[in-house]
Amino acid sequence: MLAGAYFVFNPSYRLSLEARYYFETGNYEEAYKLASEAFTINPYNRMAFTLKTQSKIAKEWQSFINDADNYFQTIEKIANKPVVTKKDKLRIKMMLEILLDEYKTLKPSLLLPPKLKKEAKEKYLKAKKLYEELFE
């Protein structure tokens, strides 16, 4: 009972618990913000440190997924044009190369939600397949 009260009334641990909730629900930006604040209050708070680190990594993975979605929409718009110019093809090639390179720079982590890693891998494989079909 006393330990539970400590977590509730200690601002650093309260923020860490709140950050954990946001991390678990996929709001990595808010989780990072709260975990950073908790870590600033108490640099010995290991939960805050872990959540801050993992939220930062998760934000990078989420950013890759968002970039992939945006690039695929742009590629689809180009592909649906009546005439695809050489400039358009170079633009598609560049977008796909960016995605392929960006995926390779993502930091692995055992604490990331499997759903996030799976979605990123699917986007990577889609970009790789499209690149191979168009440019190899």
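All of the numbers you see were taken from the coordinates with simple rules; none came from a lab. All of these numbers come straight from a predicted model, not from anything done at the bench. Every residue, glycine as well, gets a Cβ built from its backbone with ideal geometry; the counts of neighbours run over all protein chains shown.
Would you list, by chain and number, the lysines whose Cα falls below 21 Å from the Cα of K107, excluding same-chain residues fewer than 8 positions away?
Once the sequence-local lysines are set aside, what remains near K107 is K33, K52, K56, K59, K115, K117, K118, K121, K123, K126, K128.
K33 to N66: FRET efficiency via 1/(1 + (r/R0)^6), r the Cβ-Cβ distance, R0 22 Å, to the nearest 0.05?
0.75
Counting each DSSP H run of 4 or more residues in the chain as -39500 (n - 2.57), what helix-only mean residue ellipticity at 222 nm follows after dividing by all residues, to the nearest 500 deg cm²/dmol?
-28000 deg cm²/dmol
Calculate the translational D of the chain in whole µm² s⁻¹ from Stokes-Einstein, where the hydrodynamic radius comes from the Kirkwood formula applied to all Cα pairs, the temperature is 25 °C and the viscosity 0.890 mPa s.
Approximately 145 µm²/s, per Stokes-Einstein.
Are there chymotrypsin sites (Phe, Trp or Tyr not before Pro) in region 39-83 that DSSP puts in a loop and that have at most 10 other Cβ atoms within 10 Å, and which ones?
Of the chymotrypsin sites (Phe, Trp or Tyr not before Pro), the ones in loops of region 39-83 whose Cβ has at most 10 other Cβ atoms within 10 Å are Y44.
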